[in-house]
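*Asks:* The structure follows.
The values are calculated or read from the model by the stated rules, or taken from the named source; none is laboratory data. For clarity, every value in this text was computed on a predicted model and none was experimentally measured. Heads up, the Cβs are rebuilt from the backbone with ideal geometry, glycines too, and the neighbour counts pull from every protein chain shown.
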Amino acid sequence: MNKISFPGLGIGEMEINPIALDFGKLSIAWYGLIITCGIIFCAVYIYLSGKRIKLVMDDLIDVAFCTVIPGIIGARLYYVFFDFLERPDNYTSFYDVIAVWEGGLAIYGGIIFGALGALIGLRWKKIRIPAFFDLLAPAVQMAQAIGRWGNFCNAEAFGGETTLPWRMRIVNDYYPTGIEVHPTFLYESLWNLLGFVLLNLYSKKKKFDGEIFFLYIGWYGLGRMFIEGLRTDSLYLGGLRVSQWLAGACLVVAIAMLVYFHAVKKLRTVTDCIYLPESKRYDEVSAVAASEGESAEAAESAETTDTAEESSSASDENNPSI
């Protein structure tokens, strides 16, 4: 049981059990439930946002399978790889490697492997990759904001000790006398929430497909680079914080790509159909769009005719013949 409070903010002690549902031999952690909520949000957001560029639900489900499963596997492998370099004794069996329910996922591994899986799914479905990644980026950012509350339930992913007014106090088996720390899970959650809002505000003004994705990479990298420096549970490689350096690299790459496409290539291409022309789905959604357009024009024409007739009738009533 974790006892968590924010004494500087007047928020008293909360007792939080990391296990949400316990069925004896089977238990479901809050962490897993919250991560699942983030994944569901991703799917719903992409579907609703993708309607305007004619994304079909069946194709989204197929791409989601290609993305989520590799993402979870990648998040675990990334964590195990770098943790093994520091603490090899933690992994004495295959069970230790796959025991994701005991904690140990790294978001960068999830993003990298999930993106690779998404690329395979998008190529399979003949979907424009930059346009889809523009839908995916804000969804992932909000999912990260949601997912960090799983760290809160586990009383993990926090920073060093501090006396700041918003400090978080933790009392559990590891810290029986209590410890007051930076709530870095909250920093990252709020940073991602702000990024999600800003990306959505800008998305309708984007200059080219892929721009939102690069903005997300840069925004997340900027925040994570500083927040990671406060944490006490970082993964290290050669004495360097892996996630901090990777965050910095993401920021640099994102800025370089944005400058290149804006200033050098002067790219100004935003698609109105997410499917490639060679896709069968392209013809289907184009035909539906054309039919809907004709129906809208017919309805508008009928409405105009009715209005004209009403005006003519009103004119006849006001000017009766003699």
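*Asks:* Report, ordered by the first and then the second residue, all pairs with beta carbons closer than 8 Å, sequence separation of six or more or different chains, a first member in region 5-23 that is within 16 Å of residue 175 (Cβ to Cβ) and of a type outside the set (Ser, Thr, Tyr), and a second member that is loosely packed, with under 15 Cβ neighbours inside 10 Å and modelled with pLDDT of 95 or more.
*Replies:* What qualifies is 6/166.
*Asks:* Among the listed residues 306, 233, which satisfies the condition of being in contact with a Phe, Trp or Tyr (Cβ under 9 Å, 6 or more places away or on another chain), modelled with pLDDT under 90 and not aromatic (Phe, Trp, Tyr)?
*Replies:* Sole residue among the options that is in contact with a Phe, Trp or Tyr (Cβ under 9 Å, 6 or more places away or on another chain), modelled with pLDDT under 90 and not aromatic (Phe, Trp, Tyr): 233.
*Asks:* Given the conditions (1) part of a helix (DSSP H, G or I); (2) surrounded by fewer than 22 Cβ atoms within 10 Å (Cβ to Cβ), and given that residue 170 satisfies all but one, which numbered condition is not satisfied?
*Replies:* Against the list (1) part of a helix (DSSP H, G or I); (2) surrounded by fewer than 22 Cβ atoms within 10 Å (Cβ to Cβ), residue 170 comes up short only on (1).
*Asks:* Being in a helix (DSSP H, G or I) and of a type in the set (Gly, Ala, Ser) is the requirement here; does residue 8 meet it?
*Replies:* yes
*Asks:* Could you go through region 138-149 and let me know if any residue there is closer than 25 Å to residue 221 by Cβ, out of contact with any Asp or Glu (no Cβ under 7 Å at 6 or more places or on another chain) and in a loop (DSSP other than H, G, I, E, B).
*Replies:* Scanning region 138-149 turns up no residue that is closer than 25 Å to residue 221 by Cβ, out of contact with any Asp or Glu (no Cβ under 7 Å at 6 or more places or on another chain) and in a loop (DSSP other than H, G, I, E, B).
*Asks:* Give the number of residues within region 188-238 that are of a type outside the set (Gly, Ala, Ser), part of a helix (DSSP H, G or I) and farther than 30 Å from residue 163 by Cβ.
*Replies:* So the answer is 14.
*Asks:* Return yes when residue 60 is in contact with a helix residue (DSSP H, G or I) (Cβ under 8 Å, 6 or more places away or on another chain), outside any helix (DSSP H, G or I) and within 30 Å of residue 133 (Cβ to Cβ) and no when it is not.
*Replies:* So residue 60 does not fit the description; no.
*Asks:* Determine whether residue 158 is more than 27 Å from residue 61 (Cα to Cα), among the aromatic types (Phe, Trp, Tyr) and surrounded by fewer than 18 Cβ atoms within 10 Å (Cβ to Cβ).
*Replies:* Answer is no for this residue.
*Asks:* Working only within region 91-124, note down all residues that are over 13 Å from residue 67 (Cα atoms) and surrounded by 13 or more Cβ atoms within 10 Å (Cβ to Cβ).
*Replies:* 91, 96, 97, 98, 99, 100, 103, 104, 105, 106, 107, 108
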